[in-house]
Amino acid sequence: MRCSVHSDFGALFHRPYASDVTKRYLVRTFGCQMNEHDSERLAGLLEADGYVPATDTEDADVVVLNTCCIRENADNKLYGTLGHLKSVKDRRPDMEIMVAGCLSQKDGDLVAQKAPYVDVVLGTHNVHRAVDLLHEHLATGDSVTEILSETVAEDHELFPSALPVVRESGHSAWVTIQIGCDNSCAFCIVPSVRGPEISRAFGDVVAEVERAAADGVTQVTLLGQNVNSYGRDLTLRMKRGADADATSHIDAAHLDAAHVDAAHLVGDAWVAEGTDRARPLFADLLRSVGEVEGIRRVRYTSPHPKDLRPETISAMADVDTVCEHLHLPLQSGSDRILATMHRGYTAERYLERLAAARAGVADLAVTTDIIVGFPGESDADFAETLEVAAEARYDNAFTFVYSSRPGTEAADLPDAVAHDVAVERMMRLRTVVERTSRLGHVARIGHTEEVMVEGPSRRDPSRLSGRTRHNRLIHFPSDRPLRPGTYAHVLVTEASTTNLIGELVEIVATPNHRRRIPVSLA
Ligand code: 5AD
Ligand code: SF4
């Protein structure tokens, strides 16, 4: 495994691979939004190199699997998919297979050992090297594995957002504001594959949103593992810059002199306010992004409950473009389990924060993540999770059976919960969540919602599907096709646990993005 650092940005923009025949690529994404975002960058790099999208593996010259490792079934999915690709490669040995993302970061050389027909393996810290590594493989015929042990220093390499991009949709964009995670939740592999928390410069985030808006994007989702700690490290970076200029502390005069750089790193508003506050807050970023012309919806994921600040809630309430939706991962409702997980809050504290959010933001939709069957979880612990889930009145919950991840603290804990017990608990939890979810949906009947159209409904193509500001799925008939990205007012007429049904009232805004460039996620 190599641990070298590469920082040749120019190498990103290769001339198209020397061939008369257009080469096709396919990026397949596993896992979370962070991976979807990285996949858009992988696609962008390949297109900058002259590749065009393939429709499926059969006509692809390069297949990139962007992997996840958060739960064991993600491993199984990858190796299952690789097994299928091997049979394609047996027929078409020229097809190149690349494995990127969290699982390759975690497994390193193991991917090539388990699947020797894979041509290129890269990790989470060197997305920008994808095309270089592919060329290296094409030039030598050897398979290449490059996993960097840590994130490198240049911003464009730290943040795949700074790389060329092929967005999956023309009207929505993922924007990374922070990479890595400084928490140490006992169950979670993320800190070991994504590294320590690093915030992206304030000015870079806003500039990316401005560029996206100029291209016709109207909805942005700010991404980070723990968005509310955004900015913690930026002030340190600023101080280091100040120290380098022989100033041992930040004072107003120095800030003035270094205004332009400081404003770029930590934001205008924070600099203008002086140095009383310890750092720019996520709330400052929400406000700045929310004001970018052309942006109609700002979403973000995920805040950690222990770091959810009143300022964030105020920004959500004040800024019209920030959607009334909060994804607040609970993980467990038992204080004992929360302590073993190192989550840094009790159930009571969580519910207090949630109540404060609901008090601050009118008509707030709330979703969460919950793990069942964490080691040592007793019936009594689980009963507490059910109680908290009912009290929280979630609009939706992502529920997971605990999956042991080697290398995490929880992997060494005793008292594993039997799989069938965990599965049964999850069914009971789902019943509780579905009840509040249905009630939340039914309460929308008679309301007119602003809906962003996503496209024809998958089940019934005569209907359109879209998302309300609460991120609820809604289907409605339309006698004319509406382009994805259209905003419409839709009257809610029916509701179920999973979605709303409505009637089109009027079109509010039509999309103006120039073209939709598909990234096949098939
Ligand atoms: N087992 C089950 N679920 C997990 N998650 C993270 N790690 C694990 C694990 N080892 C869940 C958490 C997190 C979501 C993204 O995935 O609920 O919030
Ligand atoms: Fe994992 Fe916890 Fe960090 Fe989320 S906050 S990425 S669960 S360690």
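Using only Cα atoms, what Kirkwood radius does the chain have, in angstroms?
Details: mean 1/r = 0.0408 Å⁻¹.
Computed over the chain, the radius equals 24.5 Å.
Site pair residue 383 and residue 278 shows an inter-label distance of 3.9 nm when each label is modelled 7 Å from Cα along Cα→Cβ.
Calculate for the chain the 222 nm mean residue ellipticity that helices alone would give, adding -39,500 (n - 2.57) per DSSP H run of length 4 or more and normalising by residue count, nearest 500 deg cm²/dmol. Intermediate values should be presented prior to the final figure.
Numbers: 18 runs with 190 residues, N = 522.
Here the helix-only value at 222 nm equals -11000 deg cm²/dmol.
Shown is the FRET efficiency for residue 113 and residue 339, computed with R0 = 41 Å from the Cβ-Cβ distance and rounded to the nearest 0.05: 0.60. Here the 3J(HN,Hα) profile of segment 178-184, calculated from phi with Karplus coefficients 6.51, -1.76 and 1.60 at θ = phi - 60°, is 6, 10, x, 7, 8, 7, 9 Hz, Gly and Pro shown as x.
Once C-alpha pairs closer than 8 Å and six or more residues apart are averaged by separation and normalised to the residue number of the chain, the relative contact order reads 12 percent.
With the contact rule set at Cα under 8 Å and sequence spacing of 6 or more, what percent relative contact order holds for segment 365-517? Show your work: numbers first, answer last.
Details: 278 pairs, mean separation 28.9, N = 153.
About 19 percent, as a whole number.
Membrane-span-like helices of the chain, defined as complete DSSP H segments with a Cα extent of 24 Å or more along the helix axis and a mean Kyte hydropathy of at least -1.0, are identified as 419-442. Length gained on full extension, residue 33 to residue 439, computed as 0.36 nm times the residue gap minus the Cα-Cα distance: 143.4 nm.
Values in this text are rule-based calculations from the coordinates and carry no lab data. Because the structure is a prediction, the values reported are computed rather than measured. Cβ atoms come from the backbone with ideal geometry, glycine included; neighbour counts cover every protein chain shown.
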